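Engineer: This is the structure I have questions about; it appears just below.
The values are calculated or read from the model by the stated rules, or taken from the named source; none is laboratory data. Just so it is clear, the model here is predicted, and its values are computed rather than measured. Here Cβ is always computed from backbone atoms with ideal geometry, including for glycine, and neighbour counts include all displayed protein chains. Just the protein is used for accessible areas: all its heavy atoms, side chains included, with ligands, DNA and RNA removed. Shrake-Rupley method; radii C 1.70, N 1.55, O 1.52, S 1.80 Å.
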Amino acid sequence: MNQRNNIWSGVDWITIILFLALAIFGWMNIYGAGYSFEQTSIFSFSNRAGKQFVWLLTALVMGFCILMIDEKTYDILGYWFYGATILLLLITPFLAHDIKGSLSWITLGPVSLQPAEFAKCFTAIAIAKYMGRYGYRVETWKDLVIPGAMVLLPMVIIMFMQKETGSALVFLAFLLPFYRQGMTGKIMVAGLVAIIVGVIVLKFNLLPDSVIDKFLQPHQKTRIEVLLGNKEDPTGAGYNVNQSLIAIGSGGFFGKGYLKGTQTKLKFVPEQDTDFIFCTVGEEWGFFGSLLVLLAYLAFILRLIMIAERQRDIFSQVYAYSVASIFLFHLTINVGMVLGLLPVIGIPLPMFSYGGSSLWGFTLLLFILLRLDASRVNKLY
């Protein structure tokens, strides 16, 4: 009983409050994104906001259950979780229905789940277990071969078998915990140089189309060409971003008011309650409201980094930095694509975008971290 009481007293409630604040405000904006004059209650299952409310309640139950599980479970079963995740990712394309070219969703009755959302968490646990083993040090590039392969395997499965580029690229976020544990900065610089070279190659068409087509699907290639200015497609690949920028710009400094966004009401922006939810914030809450949301995310991520730095064992620290990096990657890419600064690759805004899989995935990531953090007082340096 004393140990359980210590766990609750050790839980970082500030992080939970920030998580709830973002999730609740996101839920409100999901309702706003789909609102019409004939709209039913925010709690009605006939609209996405009502369904998201159920996802939010179940996420809170999930979080409570995670906090009640012994923290050693994640270390002991880390590789088993990872193996089961890889197996699930492999069979998903054979069970999934084709949704806009993606084979990443499994339908279970009235519910559809995306295993890739949970793969990030279990990959983080497996990497933390490997890097946290006794005597492990990152001294040469060879020390990163195995953890690097552990990241690359689900990434390749998701990208090439499930054809879900956005979810696959999120695994690049694991470079930050690798760097924190001693990976040379040369690898980070090499990655940046590779990105710059890739942009130059695509900008000036330095490779034959046959080569590029092996790595990019037609719609992905078009989106990049539009972003780089090589192609004008205001009614096609560039439509979402153009309408998003119009919606955000029309919000001005203080916005048009909650449920009063005209771009929203007239359905100009596709996917406005999922990948493009941030443009609803910009239109209805304006620059001021958008800034407050970004500051809330900043406080949340800085809190995660603080939690990572106070861990007393490598397993918890690697996992914590993985969580912080994944949230940061999602935030940066999602807001960047909504503002037209990055290609549209389709990843959700944490706790904001509609979707049970993403909300559950983020909840799983976060509350396992909170459980590990709550027990840190019982560990020796």
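Engineer: Are there any pairs with C-beta distances below 6 angstrom linking a residue in region 325-340 that is farther than 20 Å from Gly282 by Cβ and among the polar types (S, T, N, Q) to a residue that is in a helix (DSSP H, G or I) and open to solvent by 10 Å² or more (accessible area, probe 1.4 Å), with the two at least 6 apart or on different chains, and if so which?
Structural biologist: Hits for this filter: Ser325/Leu176.
Engineer: Looking only at region 41-68, which residues are open to solvent by 70 Å² or more (accessible area, probe 1.4 Å) and of a type in the set (Val, Ile, Thr)?
Structural biologist: Residue satisfying the conditions is Val61 alone.
Engineer: Run down Val269, Val281 and say which single residue is among the β-branched types (Val, Ile, Thr), buried (at least 23 other Cβ atoms within 10 Å of the Cβ) and without any contact (Cβ under 8 Å) to a residue 60 or more places away in the chain.
Structural biologist: Residue meeting the stated conditions: Val269.
Listed here are the residues, each with its yes/no results for (1) of a type in the set (Val, Ile, Thr); (2) in a loop (DSSP other than H, G, I, E, B).
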| site | (1), (2) |
| --- | --- |
| Met28 | no, no |
| Thr40 | yes, yes |
| Ser44 | no, yes |
| Thr58 | yes, no |
| Cys65 | no, no |
| Trp80 | no, no |
| Leu87 | no, no |
| Ile91 | yes, no |
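Engineer: Looking at region 71-112, which of its residues are under 25 Å from Ser9 (Cα atoms) and open to solvent by less than 70 Å² (accessible area, probe 1.4 Å)?
Structural biologist: Those that are under 25 Å from Ser9 (Cα atoms) and open to solvent by less than 70 Å² (accessible area, probe 1.4 Å): Glu71, Thr73, Tyr74, Asp75.
Engineer: Let me ask something additional. Given the conditions (1) within 25 Å of Leu372 (Cβ to Cβ); (2) polar (S, T, N, Q); (3) open to solvent by 40 Å² or more (accessible area, probe 1.4 Å), and given that Thr262 satisfies all but one, which numbered condition is not satisfied?
Structural biologist: Every condition holds for Thr262 apart from (1).
Engineer: Name the pairs whose Cβ atoms lie under 7 Å apart, with the first residue in region 122-141 and under 18 Å from Leu365 (Cα atoms), the second open to solvent by less than 10 Å² (accessible area, probe 1.4 Å) and of a type in the set (Ser, Thr, Tyr), and 6 or more positions between them or separate chains?
Structural biologist: Ala124/Tyr319; Ala124/Ser322; Ile125/Tyr319; Ile127/Ser322; Ala128/Tyr319; Ala128/Ser322
Engineer: What's the number of the only condition in (1) over 22 Å from Leu331 (Cα atoms); (2) touching a Gly at 6+ places or on another chain (Cβ under 9 Å); (3) in a helix (DSSP H, G or I) that Tyr35 fails to meet?
Structural biologist: In the conditions (1) over 22 Å from Leu331 (Cα atoms); (2) touching a Gly at 6+ places or on another chain (Cβ under 9 Å); (3) in a helix (DSSP H, G or I), Tyr35 misses (3) alone.
Engineer: Continuing with this model, one more query. Under 7 Å by Cβ, and 6 or more places apart or on different chains, what pairs join a residue from region 47-71 that is over 28 Å from Ser316 (Cβ atoms) with one that is in a loop (DSSP other than H, G, I, E, B) and among the aromatic types (Phe, Trp, Tyr)?
Structural biologist: Every condition considered, the pairs that remain are Arg48/Tyr354; Gly50/Phe43; Lys51/Phe45; Gln52/Tyr354; Phe53/Phe43.
Engineer: On to the next question. So, in region 301-322, how many residues would count as being farther than 12 Å from Ile368 by Cβ, over 20 Å from the mean Cα position of the chain (by Cα) and among the hydrophobic types (A, V, I, L, M, F, W, C)?
Structural biologist: Residues that pass the stated criteria total 1.
Here is a yes/no grid of residues against (1) of a type in the set (Ser, Thr, Tyr); (2) more than 21 Å from Gly32 (Cβ to Cβ); (3) within 18 Å of the chain's Cα centre (by Cα):
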| residue | (1), (2), (3) |
| --- | --- |
| Leu339 | no, no, yes |
| Leu342 | no, yes, yes |
| Gly355 | no, no, yes |
| Gly361 | no, yes, yes |
| Leu366 | no, yes, yes |
| Arg376 | no, yes, no |
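Engineer: Regarding region 239-251, can at least one residue be identified that is modelled with pLDDT of 75 or more, over 25 Å from Ile127 (Cβ atoms) and not in a helix (DSSP H, G or I)?
Structural biologist: yes
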